[in-house]
Structure formats: C-alpha cells, structure tokens
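Reading through the structure tokens given below for one structure.
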Amino acid sequence: MLSHKQYELAFAELCSRTSEYQDLNNWLLKNVELLNLGDIEVALSLGGGTGIFDNAFKEFLPSLSRYAVVEPNPAHVEEFKKLIKFDERFEFHQKDFEECVVESQFDLVILSHCLYYMNPQFVYETLQKHTKAWLIFHQSEHGINRIQQRYGDEQTKTKMYCSKNIEDDLAQAKIPYKKHRVDSFIDVSNPNRHFVNFLLEKEVTDQEFETVSSFLSKEYSDGRMYHPVDVLKIDMQ
C-alpha cells in the first residue's frame, strides 16, 4: 500500500507517460452524444485525482450548477483546485473512498478508476437509490491489469478489479449499461521506481523492480503498452 506521498509521486509519473486523458478527451469531443448526458445540474466525481479529466469534462455539462468531488489524496485535491481556478461550482471532500456515503440526489455520478478501492456491490446498491445516471471510467483486462495479475501479490490481485468484472456484476444485478472502449497507450520505456510502484500499487522491492522492468522491456520492445479505458454508462431512469 502506498502512502499519500508515494502515490502522489507514482501518479505524477504515470501521467507523464499515459495518453489516456488526451485520448479520452478527444473521444468525448467526437462521441459525447453516445453518452446521452442530458441536462446535468448536479454531479459527483469519485476519484477526481488532480482534476485532469474533470476539468475537461465539465465543458460537456452546460447546465452544471454543483460538482462535488471525493478524492483521498490531499495533494491531488490542492492541484485540482488550482487547475479549475477555484470554480465556485466545485466542492471538495478529501476522504478515503470507504468513508464516502452518498446521501443526496445527483443527476450524474462519475467513477474514475476508483472501484478497486470500494465494495462494488455496496456502491451499485447505493447509486441505484441516489443517482439518475452513472458514468464509469475503468481499466480493462489489458495493460496495467495484466501486469498486476502477473506480478502483484495476492492483495493486489484481489483488489485489481477490471471492467470485465464490472460488467459481470452489473449483469448479475440486472442493471443495463452501454460500454465504449477508448484506445490509449502508456510509455513503458526506461521505467523508474515511481512508475513500477504505481503498476503494483505498493512500494516495490529491488527484485520486483528488476523483474517488472525486464518484463516491460521484453514484452513491449517499442516502449508502448496498450492500455485502453472502458467507459460504461448506466441510466437509472
């Protein structure tokens, strides 16, 4: 488990290597109508990070009046605030996802790469009561998930819930959804410690660092790892 500071450094390293946020924004510019967002006035973002995605996504919500953000990392909250230039529509709740209780009604709840850290079944039950629509951005079985399944410890493997698991849970709960895949890539050349820490979600040992680095070099000889993001839209009304 990474500390807030370790995760801050690891996430910054990932952001310097991934095309996900740019690819996702480009996809939305061309395909946002596929999400059938409607008039969203009140939104909740779980896993806002440094605000890279949410800052761009707000432009697709012209009726927005309130945008609540839950983010565990205090440094990320501060970066988020600076990025949005203290937009008064935003409110921030710096807390762990396990402490997040959804009690009021939201037109839209956005879950950005956060279901790994929550009880998904509890989340689904809660959101059915308090939300008109959900938008889930999550890693697929490719890319980072593949590394975690291959080299993660048992705790990491259990936690690394991919989009296929989400689809299975939604189907079991008989919750209809629409899925879209957005292609993106990560530069895995010359990995450093922060990057491998991010991949395995922990402070890696010297042996783990050497093993994962060697695998990345051999498996992705061009230095690019395919790491698509899956977008799932659920409408409750």
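Points worth noting:
- Residue count for segment 202-220, restricted to those that are assigned to a loop (DSSP other than H, G, I, E, B) and under 19 Å from residue 6 (Cα atoms): 4
- Breaking point among (1) in contact (Cβ under 8 Å) with a residue 24 or more places away in the chain; (2) over 21 Å from residue 64 (Cα atoms); (3) outside any loop (DSSP other than H, G, I, E, B); (4) among the charged types (D, E, K, R), for residue 107: (2)
- Qualifying residue in segment 85-93 (condition: under 24 Å from residue 128 (Cβ atoms) and in contact with a strand residue (DSSP E or B) (Cβ under 7 Å, 6 or more places away or on another chain)): yes
- Note on segment 81-97: residues that are within 12 Å of residue 51 (Cα to Cα) and in contact with a helix residue (DSSP H, G or I) (Cβ under 7 Å, 6 or more places away or on another chain) amount to 3.
- Which numbered condition residue 37 fails, given (1) crowded, with 18+ Cβ neighbours inside 10 Å; (2) farther than 30 Å from residue 152 by Cβ; (3) at pLDDT 95 or above: (3)
- Contacts under 8 angstrom Cβ, first residue in segment 59-76 being over 13 Å from residue 110 (Cα atoms), partner of a type in the set (S, T, N, Q), 6 or more apart: 72/94; 73/94; 74/94; 76/50
- Checklist (1) farther than 25 Å from residue 99 by Cβ; (2) at pLDDT below 95; (3) surrounded by fewer than 18 Cβ atoms within 10 Å (Cβ to Cβ) applied to residue 65, failing item: (2)
- Residue 135 vs. criteria part of a helix (DSSP H, G or I), in contact with a strand residue (DSSP E or B) (Cβ under 6 Å, 6 or more places away or on another chain) and either more than 27 Å from residue 17 (Cβ to Cβ) or modelled with pLDDT of 85 or more (or both): no
- Segments classed as helices (runs of 4 or more DSSP H), wholly inside segment 147-201, with at least 2 members that are in contact (Cβ under 8 Å) with a residue 40 or more places away in the chain and among the aliphatic types (A, V, I, L, M): 163-172, 193-200
- Condition met for residue 28 (touching a Cys at 6+ places or on another chain (Cβ under 6 Å) and closer than 23 Å to residue 227 by Cβ): no
- Filter result for residue 59 (charged (D, E, K, R) and exposed (fewer than 13 other Cβ atoms within 10 Å of the Cβ)): yes
- Residue list for segment 87-128, filter: among the small types (Gly, Ala, Ser), surrounded by fewer than 12 Cβ atoms within 10 Å (Cβ to Cβ) and closer than 18 Å to residue 160 by Cβ: none
Yes or no, residue by residue, for (1) more than 28 Å from residue 174 (Cα to Cα); (2) without any contact (Cβ under 8 Å) to a residue 12 or more places away in the chain:
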site	(1), (2)
206	yes, yes
224	yes, no
229	no, no
232	no, no
235	no, no
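The values are calculated or read from the model by the stated rules, or taken from the named source; none is laboratory data. Predicted model only: the values in this text are computed from it and were never measured. We place every Cβ from the backbone using ideal geometry, glycine too, and count neighbours over all the protein chains shown.
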